[in-house]
Amino acid sequence: MKKVATAYVLTCTLLIISIWCGVAIGSVHIPIEVLWNQSVDETAANIFWKIRLPRVLLAGLVGASLAIAGAAFQGLLKNPLADPYTLGISSGASVGAVMTIFFSFSIPVVGLYALPTFSMIGAIITMVIVMSFARVVDRSLKMETLILTGVIFSSFLGSLISLMIALSGEELRQVIGWLLGSVSMRGWPYVQMIIPFVIVGSLMLWTQRRELNVLLYGEERAKHLGVNVKRSKYLILVGGSMLTGAAVAVSGTIGFVGLVVPHMTRMIWGSDHRHLLPLSFFNGATLLIICDLVARTIILPRELPIGVITAFIGAPVFSYIFYKQRRGKGVRA
């Protein structure tokens, strides 16, 4: 119990520190006094409330969404290499979002939420297709089969995105800027856009925390212990795809967060999903806030796409996990 309490205290402390660093550090320094007295520096206060704070919150929500989705997928598939990026779900969400921008899709009832809605639909459809195709090829759903299937469909979906970019006119700049992955200049509307999906998707996964623990021992044993395996799978896949779709819709494709964060959290604090899911949520938020801070300050006054930073971190970790798996010293999911 003491270890669990320590985990939450450290995780939340790091998150708070990263949030403050994210809003305070930049081309303009933000003094802490603006939190309670905006007249101290009105320019800094405007930057804090209108630019920095929504950007940091958006980065945190995107990172949290991808991390908790990755933790759930890894638990469901019993595979530490599973995450929205490697399974091709991010690419499916990207296709849904790019099609929304390219064809100017809109839903009168949902208005602002049309982009994450279509992105989420693309993520869910891709997840179903990848899982179905992988099961047809290999009934046991081995790691290599899932990853290769994800790569195949990611390549195909990437070609669809390239086709839409080639055919686009005025939408070209918007599509390319979005695809690079960034939370720059999004503002409060994008924070409002993602919050409902984060809440609903996270709650769907949280309700399956005990089921995920049981599923680690296999579907047959889970059935004997009273788990409705089919229902649990449905809720986890839909919840994870909802989070991925919403994250991709507001920030573009940002890879490896859903792979690195759950894996490192599991190594340090254990694989109990009652704690792995929330700890991954907080750690994912912390990681992406820090990555965004690095992306916008490392080559001032220019700014790097945030996906570049996450790839620098994620690619070596992915290689390490894959190496351990192939050497027969796999990390238990």
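The values are calculated or read from the model by the stated rules, or taken from the named source; none is laboratory data. No experiment lies behind these values; they were computed from the predicted model shown. Glycine gets a Cβ as well: all are built from the backbone with ideal geometry, and neighbour counts include every protein chain shown. Only protein heavy atoms, including side chains, enter the accessible area calculation; ligands, DNA and RNA are left aside. Shrake-Rupley method; radii C 1.70, N 1.55, O 1.52, S 1.80 Å.
Structure data summary
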| item | result |
| --- | --- |
| Sole residue being charged (D, E, K, R), at pLDDT 80 or above and open to solvent by 70 Å² or more (accessible area, probe 1.4 Å), chosen from Lys233, Lys223 | Lys223 |
| Residues of segment 289-307 that turn out to be farther than 15 Å from Ile25 by Cα and touching a residue at least 60 places away in the same chain (Cβ under 8 Å), as a count | 3 |
| Boolean, Gln192 is within 18 Å of Ala114 (Cβ to Cβ) and either in contact (Cβ under 8 Å) with a residue 60 or more places away in the chain or among the acidic types (Asp, Glu) (or both) | yes |
| Elements of type helices (runs of 4 or more DSSP H) contained in segment 203-308, each with 3 or more residues being under 16 Å from Thr11 (Cβ atoms) | 257-269, 273-297 |
| Conditions (1) within 22 Å of Tyr190 (Cβ to Cβ); (2) crowded, with 20+ Cβ neighbours inside 10 Å: number failed by Met99 | (2) |
| Single unsatisfied condition, Ala64 versus (1) open to solvent by less than 20 Å² (accessible area, probe 1.4 Å); (2) at pLDDT below 95 | (2) |
| Subset of segment 286-313 that is more than 12 Å from Gly63 (Cβ to Cβ) and of a type in the set (D, E, K, R) - its residue that is most open to solvent (accessible area, probe 1.4 Å) | Arg302 |
| Any chance Val183 is on the phi < 0 side of the Ramachandran plot and buried (at least 20 other Cβ atoms within 10 Å of the Cβ) | yes |
| Thr253 vs. criteria open to solvent by 10 Å² or more (accessible area, probe 1.4 Å), of a type outside the set (Lys, Arg), closer than 16 Å to Thr310 by Cβ and within 11 Å of the chain's Cα centre (by Cα) | yes |
| Residue check for Ile89: at pLDDT 85 or above, on the phi < 0 side of the Ramachandran plot and crowded, with 24+ Cβ neighbours inside 10 Å | yes |
| Cross-chain or 6+ apart pairs with Cβ under 7 Å, segment 20-39 first and open to solvent by 40 Å² or more (accessible area, probe 1.4 Å), then part of a helix (DSSP H, G or I) and modelled with pLDDT of 75 or more | Cys21/Leu293; Ile25/Leu293; Ile25/Thr297; Val28/Ala44; Val28/Ile47; Gln38/Ala45 |
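Okay, residues lined up against (1) farther than 17 Å from Ala93 by Cβ; (2) aliphatic (A, V, I, L, M); (3) touching a helix residue (DSSP H, G or I) at 6+ places or on another chain (Cβ under 8 Å):
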{"residue": "Leu179", "(1), (2), (3)": "no, yes, yes"}
{"residue": "Trp188", "(1), (2), (3)": "yes, no, yes"}
{"residue": "Ile195", "(1), (2), (3)": "yes, yes, yes"}
{"residue": "Arg221", "(1), (2), (3)": "yes, no, yes"}
{"residue": "His224", "(1), (2), (3)": "yes, no, no"}
{"residue": "Tyr234", "(1), (2), (3)": "yes, no, no"}
{"residue": "Leu237", "(1), (2), (3)": "no, yes, yes"}
{"residue": "Leu243", "(1), (2), (3)": "no, yes, yes"}
{"residue": "Val261", "(1), (2), (3)": "yes, yes, yes"}
